[in-house]
Amino acid sequence: MIDCLIIGGGPAGLTAAIYAARFHLSVQVVDAGDSRAEKIPLTRNHAGFPEGISGVALLERMREQAILYGAALIAGRVTNLERGEDGFLATLSDRGISARTVLLATGVTNRRPLMDEALHAEALRQGRLRYCPVCDGYEVTDQAVAVVGRGPRAAREAEFLRGYTADVSLIGLTGQDGLDDAAHARLDAIGVKRFAGPVRDFHLERDGLVVTCAAGRLRFDAVYPSLGSDVHSDLARALGAAVTEDGCIKVDAHQRTSIPGLYAAGDVVLGLDQISHAMGEAGVAATTLRNDLAARAPLLR
Ligand SMILES: Cc1cc2nc3c(=O)[nH]c(=O)nc-3n(C[C@H](O)[C@H](O)[C@H](O)COP(=O)(O)OP(=O)(O)OC[C@H]3O[C@@H](n4cnc5c(N)ncnc54)[C@H](O)[C@@H]3O)c2cc1C
(Lines give C-alpha, C1' and ligand atoms only; values in the text may rest on other atoms or scores of the structure.)
Protein backbone atom coordinates (compact mmCIF):
# COMPACT_ATOMS: atom_id res chain seq x y z
CA MET A 1 0.00 0.00 0.00
CA ILE A 2 1.65 3.23 -1.14
CA ASP A 3 0.65 6.70 0.06
CA CYS A 4 -0.10 8.17 -3.35
CA LEU A 5 -0.67 6.85 -6.85
CA ILE A 6 -0.50 9.47 -9.56
CA ILE A 7 -2.17 8.50 -12.83
CA GLY A 8 -0.68 10.55 -15.68
CA GLY A 9 2.89 11.78 -16.07
CA GLY A 10 2.44 15.14 -17.79
CA PRO A 11 3.20 18.52 -16.15
CA ALA A 12 0.42 18.03 -13.56
CA GLY A 13 1.31 14.47 -12.57
CA LEU A 14 5.05 15.09 -12.43
CA THR A 15 4.68 18.31 -10.40
CA ALA A 16 2.52 16.42 -7.90
CA ALA A 17 5.12 13.63 -7.81
CA ILE A 18 7.90 16.10 -6.97
CA TYR A 19 5.83 17.64 -4.16
CA ALA A 20 4.60 14.31 -2.77
CA ALA A 21 8.08 12.73 -2.82
CA ARG A 22 9.50 15.78 -1.05
CA PHE A 23 6.77 15.37 1.61
CA HIS A 24 8.41 11.93 2.26
CA LEU A 25 5.33 10.14 0.90
CA SER A 26 5.69 6.89 -1.05
CA VAL A 27 4.60 7.83 -4.55
CA GLN A 28 4.27 6.07 -7.90
CA VAL A 29 3.40 7.67 -11.22
CA VAL A 30 1.83 5.54 -13.94
CA ASP A 31 1.96 7.18 -17.35
CA ALA A 32 0.61 5.98 -20.68
CA GLY A 33 3.09 8.27 -22.50
CA ASP A 34 0.81 10.53 -24.50
CA SER A 35 1.20 13.90 -22.77
CA ARG A 36 -0.07 16.91 -24.69
CA ALA A 37 3.09 18.65 -23.48
CA GLU A 38 5.18 16.20 -25.52
CA LYS A 39 3.66 17.68 -28.66
CA ILE A 40 4.91 21.20 -27.97
CA PRO A 41 7.80 21.96 -30.34
CA LEU A 42 8.85 24.99 -28.26
CA THR A 43 6.82 26.67 -25.56
CA ARG A 44 7.58 30.34 -25.23
CA ASN A 45 4.99 31.33 -22.64
CA HIS A 46 6.18 29.08 -19.85
CA ALA A 47 7.78 31.34 -17.25
CA GLY A 48 11.48 30.87 -16.54
CA PHE A 49 12.51 29.89 -20.07
CA PRO A 50 13.06 33.13 -22.02
CA GLU A 51 14.48 31.18 -25.00
CA GLY A 52 11.58 28.70 -24.83
CA ILE A 53 11.77 25.00 -24.07
CA SER A 54 10.40 21.98 -25.92
CA GLY A 55 7.72 19.94 -24.21
CA VAL A 56 9.94 16.85 -24.41
CA ALA A 57 12.83 18.62 -22.64
CA LEU A 58 10.57 20.08 -19.96
CA LEU A 59 9.05 16.67 -19.16
CA GLU A 60 12.50 15.08 -19.10
CA ARG A 61 13.68 17.62 -16.50
CA MET A 62 10.56 17.06 -14.41
CA ARG A 63 10.95 13.27 -14.54
CA GLU A 64 14.58 13.63 -13.43
CA GLN A 65 13.50 15.85 -10.52
CA ALA A 66 10.71 13.48 -9.42
CA ILE A 67 13.04 10.47 -9.49
CA LEU A 68 15.73 12.43 -7.59
CA TYR A 69 13.38 12.69 -4.59
CA GLY A 70 12.24 9.08 -4.70
CA ALA A 71 9.14 8.94 -6.90
CA ALA A 72 8.81 5.74 -8.96
CA LEU A 73 7.77 6.22 -12.58
CA ILE A 74 6.02 3.35 -14.33
CA ALA A 75 5.20 3.23 -18.04
CA GLY A 76 1.72 1.82 -18.49
CA ARG A 77 -1.98 2.51 -18.47
CA VAL A 78 -4.36 2.19 -15.55
CA THR A 79 -7.36 0.36 -17.00
CA ASN A 80 -9.44 0.12 -13.84
CA LEU A 81 -9.62 1.94 -10.54
CA GLU A 82 -11.74 0.79 -7.65
CA ARG A 83 -12.12 1.59 -3.99
CA GLY A 84 -10.37 -0.82 -1.62
CA GLU A 85 -10.16 -1.38 2.15
CA ASP A 86 -8.18 1.74 3.04
CA GLY A 87 -7.91 3.46 -0.33
CA PHE A 88 -7.88 2.36 -3.96
CA LEU A 89 -6.79 -0.53 -6.15
CA ALA A 90 -5.53 0.33 -9.62
CA THR A 91 -5.20 -2.27 -12.37
CA LEU A 92 -2.46 -2.13 -15.02
CA SER A 93 -1.90 -4.77 -17.69
CA ASP A 94 0.86 -6.46 -15.67
CA ARG A 95 0.16 -5.54 -12.03
CA GLY A 96 -2.14 -4.03 -9.44
CA ILE A 97 -1.24 -1.07 -7.23
CA SER A 98 -2.85 -0.33 -3.86
CA ALA A 99 -2.74 3.28 -2.75
CA ARG A 100 -4.18 5.32 0.12
CA THR A 101 -4.79 8.25 -2.20
CA VAL A 102 -4.98 8.69 -5.97
CA LEU A 103 -4.38 11.80 -8.03
CA LEU A 104 -5.84 11.81 -11.52
CA ALA A 105 -3.70 13.88 -13.90
CA THR A 106 -4.83 12.17 -17.07
CA GLY A 107 -5.29 15.24 -19.28
CA VAL A 108 -7.30 15.60 -22.48
CA THR A 109 -6.78 14.85 -26.18
CA ASN A 110 -7.44 17.50 -28.82
CA ARG A 111 -9.77 16.30 -31.56
CA ARG A 112 -7.92 16.42 -34.87
CA PRO A 113 -9.07 17.13 -38.37
CA LEU A 114 -8.91 14.15 -40.73
CA MET A 115 -5.29 14.30 -41.75
CA ASP A 116 -2.49 11.90 -42.49
CA GLU A 117 -0.56 11.20 -39.24
CA ALA A 118 2.87 12.08 -40.69
CA LEU A 119 1.55 15.31 -42.21
CA HIS A 120 -0.09 16.22 -38.90
CA ALA A 121 3.17 15.69 -36.99
CA GLU A 122 5.23 17.68 -39.50
CA ALA A 123 2.74 20.57 -39.66
CA LEU A 124 2.74 20.69 -35.86
CA ARG A 125 6.54 20.67 -35.76
CA GLN A 126 6.73 23.55 -38.24
CA GLY A 127 4.11 25.59 -36.39
CA ARG A 128 1.79 25.47 -39.42
CA LEU A 129 -0.76 23.58 -37.34
CA ARG A 130 -1.47 24.93 -33.86
CA TYR A 131 -3.92 23.99 -31.14
CA CYS A 132 -3.70 26.68 -28.52
CA PRO A 133 -3.99 30.42 -29.26
CA VAL A 134 -3.39 31.23 -25.58
CA CYS A 135 -0.06 29.38 -25.85
CA ASP A 136 1.21 30.60 -29.18
CA GLY A 137 -1.07 33.29 -30.64
CA TYR A 138 1.86 35.65 -30.17
CA GLU A 139 3.88 33.61 -32.67
CA VAL A 140 1.32 34.29 -35.45
CA THR A 141 1.26 38.05 -34.93
CA ASP A 142 0.43 39.75 -38.27
CA GLN A 143 0.34 36.42 -40.12
CA ALA A 144 -2.44 34.83 -42.21
CA VAL A 145 -4.29 32.48 -39.88
CA ALA A 146 -7.31 30.20 -40.20
CA VAL A 147 -9.53 28.57 -37.63
CA VAL A 148 -11.12 25.34 -38.83
CA GLY A 149 -14.16 24.33 -36.84
CA ARG A 150 -17.78 24.94 -36.18
CA GLY A 151 -20.08 26.84 -33.85
CA PRO A 152 -19.46 29.39 -31.10
CA ARG A 153 -16.21 27.78 -29.91
CA ALA A 154 -14.58 28.28 -33.31
CA ALA A 155 -16.00 31.83 -33.56
CA ARG A 156 -14.55 32.72 -30.14
CA GLU A 157 -11.18 31.33 -31.21
CA ALA A 158 -11.23 33.39 -34.42
CA GLU A 159 -12.10 36.52 -32.44
CA PHE A 160 -9.34 35.78 -29.94
CA LEU A 161 -6.80 35.43 -32.76
CA ARG A 162 -7.99 38.73 -34.21
CA GLY A 163 -6.13 40.27 -31.26
CA TYR A 164 -2.88 39.11 -32.90
CA THR A 165 -3.49 39.61 -36.60
CA ALA A 166 -5.90 41.35 -38.98
CA ASP A 167 -5.80 38.33 -41.35
CA VAL A 168 -8.06 35.74 -39.71
CA SER A 169 -10.35 33.31 -41.58
CA LEU A 170 -12.95 30.96 -40.17
CA ILE A 171 -13.57 27.81 -42.22
CA GLY A 172 -16.48 25.49 -41.48
CA LEU A 173 -14.96 22.02 -41.19
CA THR A 174 -17.81 19.95 -42.51
CA GLY A 175 -19.98 22.50 -44.29
CA GLN A 176 -21.70 25.52 -42.77
CA ASP A 177 -20.07 27.09 -39.75
CA GLY A 178 -23.01 26.48 -37.39
CA LEU A 179 -23.34 30.18 -36.47
CA ASP A 180 -26.41 32.42 -36.46
CA ASP A 181 -26.76 35.85 -38.12
CA ALA A 182 -25.74 37.73 -34.97
CA ALA A 183 -22.51 35.72 -34.74
CA HIS A 184 -21.83 36.32 -38.45
CA ALA A 185 -22.39 40.06 -37.99
CA ARG A 186 -19.98 40.11 -35.04
CA LEU A 187 -17.28 38.33 -37.06
CA ASP A 188 -17.89 40.57 -40.08
CA ALA A 189 -17.60 43.67 -37.90
CA ILE A 190 -14.10 42.70 -36.75
CA GLY A 191 -13.01 41.61 -40.23
CA VAL A 192 -12.88 37.82 -39.81
CA LYS A 193 -13.28 36.22 -43.27
CA ARG A 194 -15.76 33.35 -43.44
CA PHE A 195 -15.50 30.32 -45.73
CA ALA A 196 -17.85 27.36 -45.98
CA GLY A 197 -16.50 23.83 -45.76
CA PRO A 198 -16.24 20.98 -46.16
CA VAL A 199 -12.49 20.99 -45.76
CA ARG A 200 -11.35 18.38 -48.26
CA ASP A 201 -7.61 18.43 -47.91
CA PHE A 202 -4.58 19.84 -46.07
CA HIS A 203 -1.34 20.26 -47.93
CA LEU A 204 1.97 21.43 -46.49
CA GLU A 205 3.97 23.77 -48.70
CA ARG A 206 7.22 25.62 -48.11
CA ASP A 207 5.42 28.85 -47.27
CA GLY A 208 2.33 27.60 -45.47
CA LEU A 209 -0.45 25.11 -44.99
CA VAL A 210 -2.93 24.94 -47.88
CA VAL A 211 -6.53 24.12 -47.03
CA THR A 212 -8.85 23.00 -49.81
CA CYS A 213 -12.48 23.89 -49.15
CA ALA A 214 -15.57 25.03 -51.07
CA ALA A 215 -13.82 28.33 -51.91
CA GLY A 216 -10.82 26.51 -53.43
CA ARG A 217 -7.22 26.33 -52.22
CA LEU A 218 -6.44 28.77 -49.42
CA ARG A 219 -2.93 29.21 -48.03
CA PHE A 220 -2.27 30.13 -44.41
CA ASP A 221 0.81 30.68 -42.29
CA ALA A 222 -0.93 28.72 -39.54
CA VAL A 223 -4.16 26.80 -39.05
CA TYR A 224 -5.87 26.26 -35.70
CA PRO A 225 -8.29 23.30 -35.59
CA SER A 226 -11.03 24.18 -33.09
CA LEU A 227 -12.79 20.86 -32.66
CA GLY A 228 -12.86 20.46 -28.90
CA SER A 229 -11.19 17.83 -26.74
CA ASP A 230 -11.86 14.41 -25.29
CA VAL A 231 -11.43 14.51 -21.53
CA HIS A 232 -9.77 11.49 -19.91
CA SER A 233 -12.08 11.25 -16.93
CA ASP A 234 -13.30 7.67 -17.48
CA LEU A 235 -11.62 6.32 -14.31
CA ALA A 236 -13.21 9.08 -12.21
CA ARG A 237 -16.63 8.57 -13.79
CA ALA A 238 -16.47 4.81 -13.20
CA LEU A 239 -15.93 5.54 -9.49
CA GLY A 240 -18.95 7.86 -9.48
CA ALA A 241 -16.99 11.13 -9.17
CA ALA A 242 -18.84 14.28 -10.20
CA VAL A 243 -17.94 15.64 -13.65
CA THR A 244 -19.10 18.61 -15.71
CA GLU A 245 -21.25 18.32 -18.82
CA ASP A 246 -18.05 18.22 -20.90
CA GLY A 247 -16.64 15.42 -18.75
CA CYS A 248 -14.12 17.52 -16.76
CA ILE A 249 -13.63 16.28 -13.20
CA LYS A 250 -15.20 18.58 -10.61
CA VAL A 251 -12.93 19.50 -7.69
CA ASP A 252 -13.13 21.77 -4.66
CA ALA A 253 -10.73 24.67 -4.09
CA HIS A 254 -8.11 22.13 -2.87
CA GLN A 255 -8.39 19.74 -5.86
CA ARG A 256 -10.45 17.14 -3.98
CA THR A 257 -12.95 15.30 -6.18
CA SER A 258 -16.34 14.24 -4.80
CA ILE A 259 -14.76 10.86 -3.82
CA PRO A 260 -12.75 10.96 -0.55
CA GLY A 261 -9.07 10.24 -1.20
CA LEU A 262 -9.36 10.95 -4.94
CA TYR A 263 -7.83 14.18 -6.27
CA ALA A 264 -7.50 15.65 -9.76
CA ALA A 265 -5.29 18.28 -11.41
CA GLY A 266 -4.39 19.63 -14.83
CA ASP A 267 -6.32 19.63 -18.10
CA VAL A 268 -8.68 16.88 -16.86
CA VAL A 269 -10.13 19.49 -14.47
CA LEU A 270 -12.17 22.38 -15.83
CA GLY A 271 -9.98 25.47 -16.23
CA LEU A 272 -7.25 27.02 -18.32
CA ASP A 273 -5.46 24.22 -20.19
CA GLN A 274 -1.93 25.45 -19.66
CA ILE A 275 1.26 24.02 -18.19
CA SER A 276 1.44 26.70 -15.47
CA HIS A 277 -2.15 26.02 -14.42
CA ALA A 278 -1.60 22.24 -14.41
CA MET A 279 1.48 22.69 -12.24
CA GLY A 280 -0.30 25.06 -9.84
CA GLU A 281 -3.24 22.71 -9.39
CA ALA A 282 -0.87 19.78 -8.89
CA GLY A 283 1.03 21.59 -6.13
CA VAL A 284 -2.25 22.27 -4.37
CA ALA A 285 -3.45 18.68 -4.87
CA ALA A 286 -0.26 17.13 -3.50
CA THR A 287 -0.28 19.40 -0.44
CA THR A 288 -3.96 18.68 0.20
CA LEU A 289 -3.59 14.93 -0.06
CA ARG A 290 -0.57 15.04 2.23
CA ASN A 291 -2.54 16.98 4.85
CA ASP A 292 -5.61 14.75 4.43
CA LEU A 293 -3.39 11.69 5.04
CA ALA A 294 -1.92 13.39 8.11
CA ALA A 295 -5.44 14.02 9.41
CA ARG A 296 -6.08 10.24 9.21
CA ALA A 297 -2.82 9.44 11.08
CA PRO A 298 0.01 11.88 11.93
CA LEU A 299 2.89 11.71 9.42
CA LEU A 300 5.93 11.56 11.68
CA ARG A 301 9.57 11.12 10.75
C1 LIG B 1 0.45 21.52 -29.72
C2 LIG B 1 0.30 22.00 -28.30
C3 LIG B 1 1.00 23.12 -27.89
C4 LIG B 1 0.86 23.58 -26.58
N5 LIG B 1 1.60 24.66 -26.20
C6 LIG B 1 1.55 25.07 -24.91
C7 LIG B 1 2.36 26.17 -24.47
O8 LIG B 1 3.12 26.74 -25.23
N9 LIG B 1 2.22 26.56 -23.18
C10 LIG B 1 1.37 25.93 -22.29
O11 LIG B 1 1.31 26.33 -21.12
N12 LIG B 1 0.62 24.88 -22.68
C13 LIG B 1 0.69 24.43 -23.96
N14 LIG B 1 -0.09 23.37 -24.35
C15 LIG B 1 -1.02 22.76 -23.38
C16 LIG B 1 -0.24 21.82 -22.41
O17 LIG B 1 0.44 20.85 -23.17
C18 LIG B 1 -1.22 21.16 -21.44
O19 LIG B 1 -1.98 22.15 -20.77
C20 LIG B 1 -0.47 20.30 -20.41
O21 LIG B 1 0.28 19.30 -21.04
C22 LIG B 1 -1.46 19.68 -19.42
O23 LIG B 1 -0.77 18.85 -18.54
P24 LIG B 1 -1.50 17.58 -17.88
O25 LIG B 1 -0.44 16.96 -17.02
O26 LIG B 1 -2.78 17.98 -17.27
O27 LIG B 1 -1.89 16.62 -19.09
P28 LIG B 1 -0.94 15.91 -20.18
O29 LIG B 1 0.32 16.65 -20.35
O30 LIG B 1 -1.77 15.68 -21.38
O31 LIG B 1 -0.57 14.51 -19.49
C32 LIG B 1 -1.56 13.54 -19.23
C33 LIG B 1 -0.87 12.17 -19.20
O34 LIG B 1 -1.77 11.21 -18.61
C35 LIG B 1 -1.61 10.00 -19.33
N36 LIG B 1 -2.79 9.16 -19.10
C37 LIG B 1 -4.08 9.39 -19.48
N38 LIG B 1 -4.87 8.38 -19.06
C39 LIG B 1 -4.06 7.49 -18.43
C40 LIG B 1 -4.28 6.24 -17.78
N41 LIG B 1 -5.51 5.68 -17.68
N42 LIG B 1 -3.22 5.59 -17.23
C43 LIG B 1 -1.97 6.13 -17.30
N44 LIG B 1 -1.71 7.32 -17.89
C45 LIG B 1 -2.74 7.98 -18.45
C46 LIG B 1 -1.45 10.46 -20.78
O47 LIG B 1 -0.89 9.42 -21.59
C48 LIG B 1 -0.52 11.66 -20.60
O49 LIG B 1 0.85 11.26 -20.65
C50 LIG B 1 0.00 22.90 -25.66
C51 LIG B 1 -0.69 21.76 -26.10
C52 LIG B 1 -0.56 21.31 -27.40
C53 LIG B 1 -1.30 20.07 -27.83
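The values are calculated or read from the model by the stated rules, or taken from the named source; none is laboratory data. Source: prediction; values computed, not measured. Because the Cβ atoms are built from the backbone with ideal geometry, glycine has one as well, and the counts that use them run over all protein chains shown. Just the protein is used for accessible areas: all its heavy atoms, side chains included, with ligands, DNA and RNA removed. Shrake-Rupley method; radii C 1.70, N 1.55, O 1.52, S 1.80 Å.
So which trypsin sites (Lys or Arg not before Pro) in region 81-135 pass both tests, a DSSP loop state and at most 11 other Cβ atoms within 10 Å of the Cβ?
Details: sites: Arg83, Arg95, Arg100, Arg111, Arg125, Arg128, Arg130; in loops: Arg95, Arg111, Arg128, Arg130.
Passing sites in region 81-135 are Arg95.
Accessible area of Lys250, 1.4 Å probe, to the nearest 10 Å²?
My reading of the accessible area for Lys250 is about 100 Å².
Can you figure out the FRET efficiency of Asp246 with Asp34, using R₀ = 22 Å and their beta-carbon distance, to the nearest 0.05? Don't skip to the end; give the middle numbers.
On the way: r = 20 Å, r/R0 = 0.89.
The value I calculate is 0.65.
Would you mind working out the magnitude of the charge dipole of the chain relative to its Cα centre, with +1 at each Lys and Arg C-beta and -1 at each Asp and Glu C-beta, to the nearest 20 Debye?
Details: 32 positive and 37 negative charges, 62 e Å.
Roughly 300 debye for the chain.
Of the peptides 112-123, 232-243, how do they stack up when ordered by the mean number of other Cβ atoms within 10 Å, highest first?
Going from most to least packed, we get 232-243, 112-123.
Of Tyr224, Leu161, Thr212, which is farthest along the charge dipole of region 112-226 in the positive direction, counting Lys and Arg as +1 and Asp and Glu as -1 at C-beta?
Checked the options; the winner is Thr212.
Quick check: residue separation of Ser258 and Ala189 times 0.36 nm, minus the Cα distance between them. What number comes out in nm?
Additional length available on full extension: 20.4 nm.
Would you please give the FRET efficiency between Phe49 and Cys132, computed as 1/(1 + (r/R0)^6) with r the Cβ-Cβ distance and R0 = 22 Å, to the nearest 0.05?
Numbers: r = 17 Å, r/R0 = 0.75.
The calculated FRET efficiency here is 0.85.
List the residues of region 174-210 whose backbone N lies under 17 Å from a point placed 7 Å from the Cα of Arg156 along the Cα-to-Cβ direction.
178-180, 183-184, 186-187
Quote the charge dipole size of region 241-301 about the Cα centre in Debye, to the nearest 20; the model charges only the Cβ of Lys and Arg (+1) and of Asp and Glu (-1). Provide the component values of the computation, followed by the final result.
Working: 5 positive and 7 negative charges, 99 e Å.
With Lys and Arg at +1 and Asp and Glu at -1, about 480 debye.
Once you treat every alpha carbon in region 112-226 as an equal point and sum by Debye, what is log10 I(q)/I(0) at q = 0.11 Å⁻¹?
Rounded to two decimals, the profile gives -0.30.
How much of the DSSP bridge set in region 112-226 is antiparallel, in percent, rounded to the nearest 5?
Working: 10 of 24 bridges.
Among the beta bridges of region 112-226, antiparallel pairing accounts for roughly 40 percent.
Stokes-Einstein D for the chain at 37 °C, 0.692 mPa s, Kirkwood Rh over Cα pairs, in µm²/s?
Details: Rh = 20.6 Å.
Here the translational diffusion coefficient equals 160 µm²/s.
Determine the share of the chain's accessible area contributed by carbon and sulfur atoms, expressed in whole percent, with a 1.4 angstrom probe. It would help to have the intermediate numbers written out before the result.
Numbers: 7280 of 14530 Å².
It is 50 percent, rounded to a whole number.
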